[in-house]
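The structure appears below as structure tokens.
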Amino acid sequence: MAVVGVKFTDNGKKYLFDDNNLNLKENITVIVETDKGLQFGKVVSVEENSNRDDLKKIIRKSNKRDYLQHLNNLKDTKYAIEKCRELALKEGLKMTILDATYTFDRSQLIFRFIADERIDFRQLAKELGATFKTRIELRQVGIRDKAKEVGGFGPCGRKMCCCSFLNEFDSVSINMAKNQNLALNPQKINGTCGRLLCCLKYEDENYTEYKKGLSELGKRIKTKDVEGRVVAVDIFEKSYKVLTDDNGIIEIKLNKEEENNGSKE
């Protein structure tokens, strides 16, 4: 008995299910029960997990008929996207429809869209429901979700994190770039999506830890040996340079006691 990870799209989030004693292996397609109804998915991992009480069970391995229905659902979503865009334009809604997804049993049709502001789509949902005769969900997502679907490569030359291993988007702030002494150039710190690079968060905690005991860049300090303004900080060497009032440059390095107890300035 095992727990399996299932994805409903190639770049989508992985969800855990009880394998229901079906002896499943990776890349096998399955039918599962979700909060939104039946879904067609692919097993991407087989894992050990002793706590399975809160997991839904795999219903069955998919068969040829299931696969053909899944293909038909994918084909029909193309028309659904076109119709949704047409109706949104008629309603004057400033929204970009990204995609549409039928649940496997077609009990629900889910549209994802991006917009610069909140959208009142109640009338649009009514018209879509009347057109497709099923329950409609319109879900506003961010531009990062769009980048995850499209894919691509980051400035590091590797496949973008969002479409390779990131399933959840953490909050990233400009303060993280400042904390890492990065030039606040949008071309350097923004990703393909136009938002701040997700990887700014990866090392932010380490930078914060390394900076303990060091004066901030631009701060004026006064010690028994020097008085001036901090013009350079080397967090890895635990040192910084001070521009004195007589335009001299003095380098200060923390000793072990200062590293442990914080700056004495």
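Average 1/r across all pairs of distinct alpha carbons in segment 78-123, invert it, and you get the Kirkwood radius: 11.3 Å.
Computed over all pairs of different Cα atoms, the Kirkwood value for the hydrodynamic radius of segment 59-140 is 13.4 Å. A simple spin-label model places pseudo-atoms 7 Å from Cα toward Cβ; at residue 182 and residue 239 they are separated by 2.7 nm. Here the chain is assigned +1 on the Cβ of each Lys and Arg and -1 on the Cβ of each Asp and Glu. Its dipole about the Cα centre then comes out at about 1140 debye. The percentage of C-alpha pairs in the chain whose separation is greater than 35 Å is 42%. Temperature 20 °C, viscosity 1.002 mPa s: under these conditions the Stokes-Einstein estimate for segment 142-265, based on its Kirkwood radius over C-alpha pairs, is 128 µm² per second. Excluding ligands, DNA and RNA, the accessible surface per residue across the chain is 63 Å² with a 1.4 Å probe. For segment 55-100, the number of Lys pairs with C-alpha atoms closer than 29 Å, counting only pairs eight or more positions apart or on separate chains, is 13. With label points built 7 Å along Cα→Cβ from the Cα atoms of residue 141 and residue 159, find their separation and express it in nm. The answer from the label model is 1.7 nm.
Oblate is the label for segment 31-172, because a/c, from the alpha-carbon gyration tensor with a ≥ b ≥ c as root eigenvalues, is 1.5 or above and a/b does not exceed b/c. When averaged across all projection directions, what area in nm² does the alpha-carbon convex hull of segment 13-80 cover? For the Cα atoms of segment 13-80, the hull's average projected area reads 5.3 nm². With a Förster radius of 22 Å, plug the Cβ-Cβ distance of residue 107 and residue 42 into 1/(1 + (r/R0)^6) and report the FRET value to the nearest 0.05. The value I calculate is 0.60.
Using a Gaussian network model of the chain in which every pair of alpha carbons under 10 angstrom is joined by a spring, one finds that among 68, 87, 38 the greatest mean-square fluctuation is at 68.
Approximating the spin labels as points 7 Å out from Cα along Cα→Cβ, the residue 116-to-residue 83 distance works out to 3.0 nm. Taking the accessible area of the chain, probe 1.4 Å, and keeping the other protein chains in place, the carbon and sulfur fraction comes to 47%. Once you divide the Cα radius of gyration of segment 135-174 by 2.2 N^0.38 Å, the number left is 1.39.
Accessible-area rank, largest first, for 60, 220: 220, 60, with all protein chains present and a 1.4 angstrom probe. Here the dipole of segment 33-111 is about 360 debye; that uses its Cα centre as origin and unit charges on the Cβ of Lys and Arg (positive) and Asp and Glu (negative). Projected over every direction and averaged, the convex hull enclosing the alpha-carbon atoms of segment 133-205 yields 6.1 nm².
Counting only DSSP H runs of at least 4 residues, each contributing -39500 (n - 2.57), and dividing by the residue count of the chain, the helix-based mean residue ellipticity at 222 nm comes to -8000 deg cm²/dmol.
Remark: segment 27-41, residue by residue, has Karplus-estimated 3J(HN,Hα) of 6, 7, 8, 9, 10, 10, 9, 10, 5, 9, x, 6, 9, 9, x Hz, where x stands for each Gly or Pro and the curve is 6.51 cos²θ - 1.76 cosθ + 1.60 at θ = phi - 60°.
Of all the options 36, 219, 178, the one that moves most in a Gaussian network model of the chain with Cα springs shorter than 10 angstrom is 219.
Build a GNM of the chain with springs between Cα atoms under 10 Å apart, and of 213, 191, 151 the one that fluctuates most is 213.
The values are calculated or read from the model by the stated rules, or taken from the named source; none is laboratory data. Computed from a predicted structure; not experimentally measured. We place every Cβ from the backbone using ideal geometry, glycine too, and count neighbours over all the protein chains shown. Just the protein is used for accessible areas: all its heavy atoms, side chains included, with ligands, DNA and RNA removed. Shrake-Rupley method; radii C 1.70, N 1.55, O 1.52, S 1.80 Å.
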